[in-house]
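Chemist: Sharing a structure with you now.
The values are calculated or read from the model by the stated rules, or taken from the named source; none is laboratory data. Since we're looking at a predicted model, the values are computed, not measured. All Cβ positions, even for glycine, are placed from backbone atoms using ideal geometry, and neighbour counts span all protein chains on display. Note: accessible area is taken over every heavy atom of the protein model, side chains too, but ligands, DNA and RNA are not part of it. Shrake-Rupley method; radii C 1.70, N 1.55, O 1.52, S 1.80 Å.
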Amino acid sequence: MSKIKVAELFYSIQGEGRYMGVPSVFLRTFGCNFKCAGFGMPRGRLSEEANAVDPVKYTRYDELPLVSTGCDSYASWDPRFKDLSPMLTSDAIVERIMEILPHGKWKDEHLVITGGEPLLGWQRSYEDLLNHPRMQKLKEITFETNGTQELSKEFKQYLLDWTLNPKFGRRGYNALTFSVSAKLPASGEQWSDAIRPEVVCDYEKIGHTYLKLVVATEEDVKDALKAIEEYKSAGFKGSIYLMPVGGVESVYALNNRNVALLAMKHGLRYSDRLQVPLFKNEWGT
Ligand code: SF4
């Protein structure tokens, strides 16, 4: 049976993107190909905030301090915290999902597979999880990805089959979404590593795919517009959201209105981060 290293598994309201407001189970896998230490920092500087967190002091993931700069889910990929993320079998994950769903089974909730970067090494494990008998009523899945990981041929075919209506053989019966948070230079990552239009256009062939670009300043928006050009030139047709930087309320509240205005100015969609004002972005929200 397949196993997945699980950083967090919780039930909450989706706070971002297309499914904002939808009750959702979040499966946060361990591991990421980026660090995104530039978020919330002046250009060219990297955050040291998470580096200052001493892993020895913590025995539970949800006790870890939140950070206001860098990646707000640092413990989902930083190897210093790997022991807080257990390796769980598909059965154990499904059992936990049934415990946290309000009716003990799937109804109108959606599954968010997030990270870290959920499309890194776990692609071959999701089939086992989604084929579990108690996962058959699940109708909507979103992969929250940074848009850099190619899908294996086998996984692509599996996901395509998952969207099929078994009765009528029609695709789109189950809703598959790729929420692509492509990392702009404000993240501290290199453009050539982070902006991969050919990868994202491939997601678009099998599921509803949109871009969610995190910005704070006009300079970030310039980068966003340049990236959008690259995606569109490669054939990307999906929606594009601007989302304010800010994993903590003090940072988010400084720029959410401004980002909404910038989105309006450029005719782009605005995505909030509802988990910040609603739940202070605590672990498990
Ligand atoms: S891609 Fe996402 S999870 Fe990975 S380091 Fe960046 S913000 Fe964190």
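Chemist: Can you check what the net charge comes to around Glu189, using other residues whose Cβ is under 9 Å from the Cβ of Glu189 (Lys, Arg +1; Asp, Glu -1)? Please list the in-between numbers first.
Modeler: On the way: positive: Lys35, Lys183; negative: Asp193.
Once all neighbours under 9 Å are counted, the net charge is +1.
Chemist: If r is the Cβ-Cβ distance from Leu66 to Ala260 and R0 is 35 Å, what FRET efficiency results, to the nearest 0.05? Walk me through the numbers before you get to the answer.
Modeler: Working: r = 23 Å, r/R0 = 0.67.
For R0 = 35 Å, the calculated efficiency reads 0.90.
Chemist: Follow-up. Tell me the label-point distance for the pair Arg96, Ser152, using the 7 Å Cα-to-Cβ offset, in nm and rounded to one decimal.
Modeler: About 2.2 nm separates the two model spin labels.
Chemist: Hey, can you grab everything whose amide H is under 5 Å from the amide H of Ala234? Only 5+ residues off in sequence or another chain; H modelled, so Pro and N-termini drop out.
Modeler: none
Chemist: What trypsin sites (Lys or Arg not before Pro) in region 234-277 are in a loop by DSSP, with at most 13 other Cβ atoms within 10 Å of the Cβ?
Modeler: On the way: sites: Lys237, Arg257, Lys265, Arg269, Arg273; in loops: Lys237, Arg273.
Passing sites in region 234-277 are Lys237.
Chemist: Same structure again: Which whole-Hz couplings ³J(HN,Hα) result when phi for each residue of region 64-78 is put into the Karplus expression 6.51 cos²θ - 1.76 cosθ + 1.60, θ = phi - 60°, listed in order with x for Gly and Pro?
Modeler: With coefficients 6.51, -1.76 and 1.60, one gets 5, x, 7, 10, 9, 10, x, 6, 6, 10, 4, 6, 7, 9, 5 Hz.
Chemist: Considering the Cα positions of region 72-217, please state its Rg to one decimal place and its Dmax as a whole number of Å.
Modeler: Taking only Cα atoms of region 72-217, I get Rg and Dmax of 16.3, 49 Å.
Chemist: What number comes out for the charge environment of Tyr210, summing +1 per Lys or Arg and -1 per Asp or Glu over other residues with Cβ under 12 Å away?
Modeler: Working: positive: Arg18, Lys212, Lys237, Arg269; negative: Glu16, Glu144, Glu204.
Every neighbour counted, the sum reads +1.
Chemist: Could I ask something else about it? Which lysines does Lys153 reach when only Cα atoms under 26 Å apart count, and residues fewer than 8 places away in its own chain are ignored?
Modeler: Lys3, Lys5, Lys137, Lys139, Lys167, Lys183, Lys205, Lys212, Lys232, Lys237
Chemist: Which length gain, in nm to one decimal place, applies between Glu198 and Leu160 when the Cα-Cα distance is subtracted from 0.36 nm times their residue separation? Before the final figure, lay out the partial values.
Modeler: Working: separation 38, 0.36 × 38 = 13.68 nm, distance 1.85 nm.
Between Glu198 and Leu160, full extension yields an extra 11.8 nm.
Chemist: Could you list the GluC sites (Glu not before Pro) in region 213-285 that lie in coil according to DSSP, counting only those with at most 16 other Cβ atoms within 10 Å of their Cβ? Could the numbers behind the result be given before it?
Modeler: Working: sites: Glu218, Glu219, Glu229, Glu230, Glu249, Glu282; in loops: Glu282.
In loop regions of region 213-285 (DSSP not H, G, I, E or B), the sparsely surrounded GluC sites (Glu not before Pro) are Glu282.
Chemist: Can you spot the aspartates and glutamates whose alpha carbon is less than 17 Å from Lys226's alpha carbon? Ignore those fewer than 8 places along the same chain.
Modeler: Glu189, Asp193, Glu198, Glu218
Chemist: Work out how much length Asp108 to Leu225 would gain on full extension: take 0.36 nm times their residue separation and subtract the Cα-Cα distance, in nm to one decimal. Could the numbers behind the result be given before it?
Modeler: Values: separation 117, 0.36 × 117 = 42.12 nm, distance 3.52 nm.
So the chain would gain 38.6 nm between Asp108 and Leu225.
Chemist: Calculate log10 I(q)/I(0) of region 120-163 for q = 0.18, 0.24, 0.27 Å⁻¹, where I(q) comes from the Debye formula with a single equal point scatterer on each Cα and nothing for solvent.
Modeler: -0.57, -0.99, -1.20
Chemist: Relative contact order (percent) for the chain, with alpha-carbon contacts under 8 angstrom and 6 or more residues of separation?
Modeler: Working: 568 pairs, mean separation 58.0, N = 285.
RCO, the chain: 20 percent.
Chemist: Still on this structure, please answer the following. Mind computing the radius of gyration and Dmax over the alpha-carbon atoms of region 3-130? Å is fine for both.
Modeler: Using the Cα atoms of region 3-130, the pair Rg, Dmax is 15.5, 48 Å.
Chemist: Which percent, to the nearest 5, of DSSP beta bridges fully inside the chain are antiparallel?
Modeler: Details: 10 of 35 bridges.
Roughly 30 percent of the DSSP beta bridges within the chain come out antiparallel.
Chemist: Give me the dipole magnitude in Debye, nearest 20, for the chain about the Cα centre, with unit charges on the beta carbon: positive for Lys and Arg, negative for Asp and Glu.
Modeler: Details: 36 positive and 37 negative charges, 156 e Å.
The calculation lands at about 760 debye.
Chemist: Here's another thing I want to ask about it. Once phi is turned into θ = phi - 60°, what whole-Hz ³J(HN,Hα) does the Karplus curve with 6.51, -1.76 and 1.60 give for every residue of region 147-152, x standing for Gly and Pro?
Modeler: These are the phi-based 3J(HN,Hα) values: x, 10, 9, 5, 8, 5 Hz.
Chemist: How much net charge surrounds Thr89 when only other residues with a Cβ under 10 Å from its Cβ are counted (Lys, Arg +1; Asp, Glu -1)? Before the final figure, lay out the partial values.
Modeler: On the way: positive: Lys3; negative: Asp91, Glu95, Asp128.
So the environment of Thr89 carries a net charge of -2.
Chemist: Taking the Cα centre of region 130-249 as origin, sum charge times position over the Cβ atoms of Lys and Arg (+1) and Asp and Glu (-1), and report the length of that vector in debye to the nearest 20.
Modeler: Values: 16 positive and 17 negative charges, 187 e Å.
So the dipole magnitude of region 130-249 works out to roughly 900 debye.
Chemist: Follow-up question, since we're still on this one. Obtain the nm distance between the two label points defined at Met87 and Ala234 by a simple spin-label model: each point lies 7 Å from its Cα along the Cα-to-C-beta direction.
Modeler: 3.3
Chemist: Let me ask something else about it. Per DSSP H run of at least 4 residues, take -39500 (n - 2.57); add these up for the chain, divide by its residues and hand me the 222 nm value, nearest 500 deg cm²/dmol. Before the final figure, lay out each step's value.
Modeler: On the way: 8 runs with 79 residues, N = 285.
For the chain, the value works out to -8000 deg cm²/dmol.
Chemist: Next question. Which value, to two decimals, describes the C-alpha radius of gyration of region 131-285 once divided by 2.2 N^0.38 Å? The partial results should precede the final answer.
Modeler: Details: Rg = 17.1 Å, N = 155, 2.2 N^0.38 = 15.0 Å.
Compared with the compact-globule rule of thumb, region 131-285 sits at 1.14.
Chemist: Here's a follow-up. Given bins 10 angstrom wide, list per bin the percent of all Cα-Cα distances in the chain, short to long.
Modeler: It works out to 6, 29, 38, 22, 5, 0, in whole percents.
Chemist: Just the Kirkwood number for region 186-270, please: inverse of mean 1/r across all distinct Cα pairs, in Å, one decimal. Write out the running numbers ahead of the final one.
Modeler: Working: mean 1/r = 0.0742 Å⁻¹.
The Cα-based Kirkwood calculation yields 13.5 Å.
Chemist: From the phi of every residue in region 173-182, what ³J(HN,Hα) in whole Hz does the Karplus formula 6.51 cos²θ - 1.76 cosθ + 1.60 yield, where θ is phi - 60° and glycine or proline is x?
Modeler: Couplings: 5, 9, 9, 10, 10, 10, 9, 9, 9, 5 Hz.
Chemist: For region 1-55, with every protein chain kept in place, what is the accessible area per residue (1.4 Å probe, Å²)? Walk me through the numbers on the way to the answer.
Modeler: Numbers: 2410 Å² over 55 residues.
Value returned for region 1-55: 44 Å² of accessible area per residue.
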